[in-house]
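**Student:** Got a structure here, written out as structure tokens. Questions coming.
The values are calculated or read from the model by the stated rules, or taken from the named source; none is laboratory data. Keep in mind it's a predicted model, so treat the numbers as computed, not measured. Positions of Cβ are generated from backbone atoms using ideal geometry, with glycine treated the same way; all protein chains shown enter the neighbour counts.
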Amino acid sequence: MATLKEYFQDKSILILLSFNFFLFFLTTVTIILRLVGYTEGTYISQYRSDIGIGAFKTGGLVDILSFIIYALLILVISIALSIRTYSLRRQLSIVLLIMCGFLLIATIIVSNGLLALR
């Protein structure tokens with residue numbers, strides 16, 4: 001239990017945690033705000049470059065909202081792994097949180113790219 005207390009008292013860990021929570025919040029808000037004014041019901045949810053002419057695949061609202069679930073899973077799993085690895089290596093814990101930030105940034109870019117094509 002002492003390592004959990006040390007984990008949440010580490011300033012670099014707290015900065016990375018707050019940055020990752022901000023990115024998750026930003027992902028959620030940007031997806032929901034892009035969905036608010038669109039009433040058609042079909043979205044471009046996939047891009048497959050190897051198909052050719054039919055590279056864009058349409059999907060429903062659930063396919064787009066799965067980006068939010070994906071971002072939440074990334075956040076929760078990376079925090080859990082970071083807490084477990086903090087007692088072994090502090091640097092590994094920090095690298096896990098940085099990789100979470102990169103994945104959340106990629107999620108924002110991909111979801112906005114797909115929602116811009118509708």
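**Student:** Mind listing whichever residues of the range 99-118 are of a type in the set (Val, Ile, Thr), surrounded by 13 or more Cβ atoms within 10 Å (Cβ to Cβ) and farther than 12 Å from Ile44 by Cβ?
**Tutor:** Ile105, Thr107, Ile108
**Student:** Ok, one more. Would you tally the residues in the range 83-118 being closer than 24 Å to Val29 by Cβ and either free of Cβ contacts under 8 Å to residues at least 12 places away in the same chain or assigned to a helix (DSSP H, G or I) (or both)?
**Tutor:** Qualifying residue count, the range 83-118: 20.
**Student:** Could you tell me whether any residue of the range 56-63 is loosely packed, with under 15 Cβ neighbours inside 10 Å, modelled with pLDDT under 85 and assigned to a loop (DSSP other than H, G, I, E, B)?
**Tutor:** yes
**Student:** On to the next question. Kindly evaluate Leu23 against the criterion of being out of contact with any Phe, Trp or Tyr (no Cβ under 6 Å at 6 or more places or on another chain), closer than 30 Å to Leu4 by Cβ and either modelled with pLDDT of 90 or more or outside any helix (DSSP H, G or I) (or both).
**Tutor:** It is true that Leu23 is out of contact with any Phe, Trp or Tyr (no Cβ under 6 Å at 6 or more places or on another chain), closer than 30 Å to Leu4 by Cβ and either modelled with pLDDT of 90 or more or outside any helix (DSSP H, G or I) (or both).
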